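Engineer: Below are the structure tokens for one structure; questions will follow.
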Amino acid sequence: MGKTVLILGGGTGGVVAANVLRKLLDGRHRVVVVDRKDKHYFQASYPLLMAGLRNPEQITRSLRRLLEKGIQFIQAEVAEILPHENQVRTNAGLFGYDYLIISLGAELHPEMVPGQNETAYNPYDIHAIHRLQKELEFFRSGTIVLFIASLPFTGAVGPYEIIFLIDAWLRRRKVRSSTRLIYATPEPALFPFAGKKVSSSFEQLMQQRNIELMTNAKITAVDTSKKELILAGGQTIAGDLLIGVPTHTGPLVLQKSPLVLDQGWCAVSPYTLHAKIQYDTEAHVAEAANIFCVGDAAALRLPGSGMWAPKVGIFAHFQAEVVARNIALDITGQEPRFRYRGKEAGASMITGFKQGRLLAIDYYASKPRVTLLRPSAIGYLAKTTFEKYWLKSWF
Ligand SMILES: Cc1cc2nc3c(=O)[nH]c(=O)nc-3n(C[C@H](O)[C@H](O)[C@H](O)COP(=O)(O)OP(=O)(O)OC[C@H]3O[C@@H](n4cnc5c(N)ncnc54)[C@H](O)[C@@H]3O)c2cc1C
């Protein structure tokens, strides 16, 4: 009998899982994607959009295009996950499944820092970052502050790309000498999981670009009348233009389910991404055999330090591949054998116009390893080539 794989979320993880499953499973089996939006935004290109190098249409795809591949798409708000019934409740009705993949990403809450919503641009929202592009186009003098409200946040390199591109753009417009750039983060160091060498390499790059860096900066509120960030401890940072990466939480729908959470994120087995479930009657926790969570919503931590693993699309992608391939093996009566390894080479981070740094990460190693090359044109090319590949391959 045909099986149904239900995928919650049509973002990075959801779209990869759906495509891989559709290729591996014959037409008797259903692959269904549910998302509240009917659009997929390629978030890794938001910094390019901000810098006027993309327009929203170029980095947006309709999730309805999945239908042409035999993937069912349902636009609906997921309201409740009912693992004991193998069902999901949405505002478009109840949907049953044989396998469930949760790829609901992170929820963004700018309102959690009082005043942030009213005063600061949200660079993680496609409409807001597009408006920011217009403001930067005419920004001539004053202070721009980019701050991160809390940890963890998605797109480990995103905020750096944004500040480096602002710096490059202001230089190109020959107004950099009349502007001040401040980067404020609650992290104790830049890329703390990557170790001292990588952190100081980023600090040096910021210094070279004359970007002021504030680490351990815990923003408690934004004074809307003075456009001033208020830090724990009472210190303030004033800016003419504020850009704030909002507080992230795990999907709210998980909090109402019997799935086990780690600070609001979905607890998973680190190599197979099986979600964990609380069985009320027996008062014990076990891996749910047919429920998986991938991408930003998954609570993955580094072995040893227990720090959050970076929440990035490239890893959401690999996790989705592992889960989709294992489900396909299970459905076809074979032993699931794929494992998520927490490593990647060939990622990159934009550091200026036509410039980027290639990165390799291995975060499940007993000592997490990050290799970072110098800024180069190849680093930039790697990023834009990946963008092209992504938008072409999966839609
Ligand atoms: C500015 C920025 C720059 C970034 N740069 C990079 C980069 O350079 N490299 C990189 O690898 N990663 C980058 N990332 C991170 C990357 O985009 C994310 O890690 C990735 O998209 C996570 O995939 P996901 O499937 O877990 O979640 P998402 O892609 O966020 O998808 C979640 C989906 O679930 C849907 N959804 C959520 N809740 C519900 C609900 N209740 N009902 C119905 N639908 C729901 C959402 O509408 C969304 O479509 C960046 C992110 C940002 C914001």
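The values are calculated or read from the model by the stated rules, or taken from the named source; none is laboratory data. These figures come from a predicted structure and were not determined experimentally. Counting neighbours? That spans all protein chains shown, and the Cβs are built from the backbone with ideal geometry, glycine included.
Engineer: Are any residues in region 354-369 in a strand (DSSP E or B), surrounded by fewer than 19 Cβ atoms within 10 Å (Cβ to Cβ) and out of contact with any Pro (no Cβ under 9 Å at 6 or more places or on another chain), and if so, which ones?
Structural biologist: The answer is 360, 369.
Engineer: Moving on. How do the strands (runs of 3 or more DSSP E) wholly within region 235-274 filter down when requiring 2 or more residues that are more than 15 Å from the ligand (Cβ to nearest atom): which remain?
Structural biologist: In region 235-274, the matching strands (runs of 3 or more DSSP E) lie at 236-238, 241-245.
Engineer: For residue 116, state whether it is outside the structural domain of residue 293 (by TED's automatic domain parsing) and either under 15 Å from residue 251 (Cα atoms) or touching a helix residue (DSSP H, G or I) at 6+ places or on another chain (Cβ under 9 Å) (or both).
Structural biologist: The answer is yes for residue 116.
Engineer: Report yes if some residue within region 124-137 is more than 12 Å from the ligand (Cβ to nearest atom), out of contact with any His (no Cβ under 6 Å at 6 or more places or on another chain), part of a loop (DSSP other than H, G, I, E, B) and in the same structural domain as residue 192 (by TED's automatic domain parsing); otherwise report no.
Structural biologist: No, region 124-137 contains no residue that is more than 12 Å from the ligand (Cβ to nearest atom), out of contact with any His (no Cβ under 6 Å at 6 or more places or on another chain), part of a loop (DSSP other than H, G, I, E, B) and in the same structural domain as residue 192 (by TED's automatic domain parsing).
Engineer: Out of the residues in region 85-123 meeting the condition of being acidic (Asp, Glu) and part of a helix (DSSP H, G or I), tell me which one is nearest to the ligand (Cβ to nearest atom).
Structural biologist: Checking each candidate, the answer is 111.
Engineer: Could you list, in sequence order, the residues of region 300-322 that are near the ligand (Cβ under 8 Å from one of its atoms) and β-branched (Val, Ile, Thr)?
Structural biologist: 312, 314
Engineer: Looking for whichever is within 25 Å of the chain's Cα centre (by Cα), away from the ligand (no atom under 16 Å from the Cβ) and at negative phi here; the options are 201, 178. Which one fits?
Structural biologist: 201
Engineer: Within region 138-161, count every residue that is hydroxyl-bearing (Ser, Thr, Tyr) and within 10 Å of the ligand (Cβ to nearest atom).
Structural biologist: Residues that pass the stated criteria total 2.
Engineer: State which residue is nearest to residue 118 (Cα to Cα) when the search covers only region 275-284 and only residues that are in a strand (DSSP E or B) and out of contact with any Pro (no Cβ under 9 Å at 6 or more places or on another chain).
Structural biologist: Ranking the candidates gives 276 first.
Engineer: Something else: Show the residue pairs meeting these rules: Cβ distance below 7 Å; 6+ apart or different chains; first residue within region 55-82 and closer than 14 Å to residue 10 by Cα; second residue more than 12 Å from the ligand (Cβ to nearest atom) and basic (Lys, Arg).
Structural biologist: Correct list of pairs: 71/22; 72/30; 73/64.
Engineer: With respect to residue 351, is the statement that it is more than 20 Å from the chain's Cα centre (by Cα), of a type in the set (Val, Ile, Thr) and not in a helix (DSSP H, G or I) true?
Structural biologist: no
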